[in-house]
1. Look at R228 and say whether it is open to solvent by 10 Å² or more (accessible area, probe 1.4 Å) and either closer than 30 Å to G58 by Cα or within 17 Å of the chain's Cα centre (by Cα) (or both).
2. How many residues are buried (at least 18 other Cβ atoms within 10 Å of the Cβ) and among the hydroxyl-bearing types (S, T, Y) if we restrict to region 155-173?
3. Take the residues of region 135-154 that are open to solvent by less than 10 Å² (accessible area, probe 1.4 Å) and touching a residue at least 60 places away in the same chain (Cβ under 8 Å): which is nearest to the chain's Cα centre (by Cα)?
4. Give me the pairs, please: first residue somewhere in region 287-300 and touching a residue at least 40 places away in the same chain (Cβ under 8 Å), second residue anywhere and part of a helix (DSSP H, G or I) and aliphatic (A, V, I, L, M), beta-carbon distance under 8 Å, and either six or more positions apart or on two chains.
5. Name the residues in region 174-186 that are touching a residue at least 12 places away in the same chain (Cβ under 8 Å), open to solvent by 40 Å² or more (accessible area, probe 1.4 Å) and of a type outside the set (S, T, Y), would you?
6. Pull up region 34-72, narrow it to residues that are of a type in the set (V, I, T) and in contact with a Ser or Thr (Cβ under 6 Å, 6 or more places away or on another chain), then point me to the one that is least open to solvent (accessible area, probe 1.4 Å).
7. Do you know which of the residues in region 91-117 that are open to solvent by 10 Å² or more (accessible area, probe 1.4 Å) and in a loop (DSSP other than H, G, I, E, B) is farthest from T165 (Cα to Cα)?
8. Look through region 187-210, keep the residues that are outside any loop (DSSP other than H, G, I, E, B) and open to solvent by less than 40 Å² (accessible area, probe 1.4 Å), and return whichever of them is nearest to P90 (Cα to Cα).
Amino acid sequence: MAKGRKVVITCAVTGAIHTPSMSPHLPVTAAEIAEAAIGAAEAGAAVIHLHARDPQDGRPDQSAEAFTPFLGVIKQASDAVLNITTGGAPTMSIKERIRPAVAWKPELASLNMGTMNFGLFPMLARFKELKHEWEREYLSNKDIIFRNTFGDIEHVLETVGAGGTRFEFECYDTAHLYNLKHFHDAGLVKGPLFIQTVFGLMGGIGAHPEDVAHMKRTADRLFGDNYRWSVLGAGKNQLPIAAMAAAMGGNIRVGLEDSLWAGPGRLAESNAQQVRAARQIIEGLGLEVASPDEARELLALKGGDQVGF
């Protein structure tokens with residue numbers, strides 16, 4: 001492993017999985033999301049992954065308008081690559097989920113690569129007191145199917161990709177890598193592919209070191225050197241998996257979307273705190289944190305001056 005390799009830190013600042021009752025530090029309003037994003041960028045995140053929420057009760061909001069109040073603010077204050085979700089929430093239709101990315105034409109958008117069961121209900125055992133009724137209904141649902149059919153994926157590639165947006169391909173299991181290979185072979189996606197392998201969410205692959213190695217081996221075999229690898233470890237798995245990936249040549253995603261924690265029983269007080277922890281791992285390995293422009297070059301992005309905000 002070459003000394004001085006640049007490692008891209010992505011920070012997913014709020015997401016749609018955790019709910020406001022779980023942590024007072026979860027960004028909900030546009031001002032909180034902007035502040036979290038800017039803080040994460042200042043701490044070393046080259047890519048900021050964005051969702052929006054209803055400012056009143058914190059439920060996921062995938063209207064293009066919900067992103068308006070913070071996109072420009074973050075762009076003014078930071079040079080970070082802004083990555084807009086097309087995952088939204090697993091209870092939303094694909095048409096709802098793509099609205100912000102179609103409207104705002106970001107440099108990067110997330111794209112889930114397969115339909116899957118999605119279980120949030122184990123969290124209810126840890127968080128019994130919930131402020132909003134929607135949280136209990138949402139979290140207790142044992143019938144969520146996160147729909148990402150071949151038709152859905154093709155629709156996202158064509159509609160969002162038309163604006164020059166490139167994709168962060170979210171792969172929650174081995175089959176999702178093979179689905180991506182199908183689209184690659186069909187010429188609908190071109191390298192370098194940015195592949196985010198997701199570990200430890202109920203319904204996807206586990207978070208054992210063998211799971212991490214298996215996903216990396218499979219991606220190596222399918223895509224050779226035509227991809228950039230990043231990892232997302234859910235909950236307590238965030239930093240152990242980040243450390244594994246950094247040592248194995250990968251990039252890292254952290255943020256309160258994926259984990260509310262800074263350690264056993266300790267809530268993270270900010271997204272920046274998790275970015276600093278990731279940075280410590282990277283620099284402890286003798287590696288360097290990539291700047292936003294280095295991330296743009298690595299991922300072949302169109303540039304921050306080419307977006308719609």
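The values are calculated or read from the model by the stated rules, or taken from the named source; none is laboratory data. On a predicted model such as this, the values are computed, not experimentally measured, just so you know. No Cβ is skipped: glycine too gets one built from the backbone with ideal geometry, and neighbour counts run over all protein chains shown. Only protein heavy atoms, including side chains, enter the accessible area calculation; ligands, DNA and RNA are left aside. Shrake-Rupley method; radii C 1.70, N 1.55, O 1.52, S 1.80 Å.
1. Details: open to solvent by 10 Å² or more (accessible area, probe 1.4 Å): yes; either closer than 30 Å to G58 by Cα or within 17 Å of the chain's Cα centre (by Cα) (or both): yes.
Yes; evaluated as a whole, the condition is true for this residue.
2. Residues meeting the conditions: 2.
3. L139
4. L287/A246; E288/I282; V289/I282; A290/L298; P292/A41
5. Step one: filter region 174-186 for residues touching a residue at least 12 places away in the same chain (Cβ under 8 Å), giving 174-184.
Now restrict to residues that are open to solvent by 40 Å² or more (accessible area, probe 1.4 Å): 175, 178, 181-182, 184.
A175, K181, H182, H184, listed by residue number.
6. Our first condition is that a residue be of a type in the set (V, I, T); within region 34-72, this holds for 38, 47-48, 68.
Next cut, in contact with a Ser or Thr (Cβ under 6 Å, 6 or more places away or on another chain) only: 38, 47.
Numbers: I38: 32, V47: 0 Å².
The selected residue is V47.
7. Initially, region 91-117 is screened for residues open to solvent by 10 Å² or more (accessible area, probe 1.4 Å), giving 91-96, 98-99, 102-105, 115-117.
Checking the rest, the ones that are also in a loop (DSSP other than H, G, I, E, B) come to 91-93, 105, 115.
Details: T91: 24, M92: 21, S93: 20, K105: 6, T115: 22 Å.
Checking each candidate, the answer is T91.
8. By that ranking, first place goes to G204.
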